[in-house]
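The structure under discussion appears below in the form of structure tokens.
Read-outs: derived from the displayed coordinates by stated rules, not from any lab. The structure presented is a predicted model; accordingly, all values stated were derived computationally and were not measured. Neighbour counts run over all protein chains shown; Cβ positions are idealised from the backbone, glycine included.
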Amino acid sequence: MALITCKDLVLGYDGRAITQAFDFSVHTGDYLCIVGENGSGKSTLIKTLLHLQPPISGSIEAGDGLRPNEIGYLPQQTAVQRDFPASIREVVISGCQGRCGLRPFYNREEKKLAAEMIHKLGLDGMENRCYRELSGGQQQRVLLARALCATQKVLLLDEPVAGLDPKVTTEMYRIIDDLNKQDGITIIMISHDMDAALHYATHILHIGETSFYGTKAQYLNSKIGKRFASLEGSDAQ
């Protein structure tokens, strides 16, 4: 059974549709990349999957025991977020808030989980450093550790390498790929990096005026896939 199933989904805001209806599903272990032109609705889809805003029409169904608080989210950073005056430990453990319920403190298990995620993301020995003093790549690793405190099932990543230099970008993609292949975490990632999407993804969702969902091989053989890949390639030159 799929973790997430979307049927006849139409995205939009203020009652105005910005996409045609489309269907897709996400299964355990998938690495789904969401691509499309600027303004096509990629970030709107993420907000809709997180129930931060309703779809114009259609349905989103969770399956295989997935609960709303078992979806981790790594958003695009704003300037205010980059200047957040908290320690690495404080930012990472805040990902456990969904586990606390009405309890106003973190328990031993949650503190242990935060320490494990700090270690997993290579942040050992930095726990007390201020988040706003970190490099862009370090900040993204902190936020990824925070998202992993929220879930070990599904991660939604909105342009996780935006603004990072090429070396840090490669390292971030490697970390995300390891989480998928070694830890079995399902990845749903918005990407403008077509090369990376086609390298790492198992499935592609292309949204916009025309939509497509299928495996990476199916996308590469589709008209929209061939057209978009060629446009992205020419833009990069």
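Each Lys and Arg adds +1 at its Cβ and each Asp and Glu adds -1 at its Cβ; summed about the Cα centre, the stretch 69-200 shows a dipole of about 500 debye. Fully extending the segment from LYS167 to SER87 would add 26.3 nm, taking 0.36 nm per residue of separation and subtracting the current Cα-Cα distance.
Taking Cα atoms only, the orientation of helix 223-236 departs from the longest principal axis of the chain by about 60 degrees. Summarising the amide proton neighbourhood of TYR73: residues at separation of 5 or more, or on other chains, whose placed amide H is nearer than 5 Å comprise LEU156.
Rounded to the nearest 5, the antiparallel percentage of DSSP beta bridges internal to the chain is 50%. Just name one of ALA2, ILE224, SER87: the one whose Cα is farthest towards the positive end of the charge dipole of the chain (beta-carbon charges, Lys/Arg +1, Asp/Glu -1). Of the listed residues, the answer is SER87. Over the chain, the reciprocal of the mean inverse Cα-Cα separation, the Kirkwood hydrodynamic radius, stands at 18.6 Å.
Using the number of other C-beta atoms within 10 angstrom as an exposure proxy, rank MET172, MET126, MET117 with the fewest first. All intermediate terms of the calculation are to be shown ahead of the outcome.
Details: MET172 20, MET126 15, MET117 24.
The most exposed by this proxy come first: MET126, MET172, MET117.
The count of lysine pairs in the chain that are at least 8 places apart or cross chains, and whose C-alpha atoms lie under 23 Å apart, stands at 22.
Centroid-to-centroid, using Cα positions, the stretch 195-223 and the stretch 88-105 are 36 Å apart.
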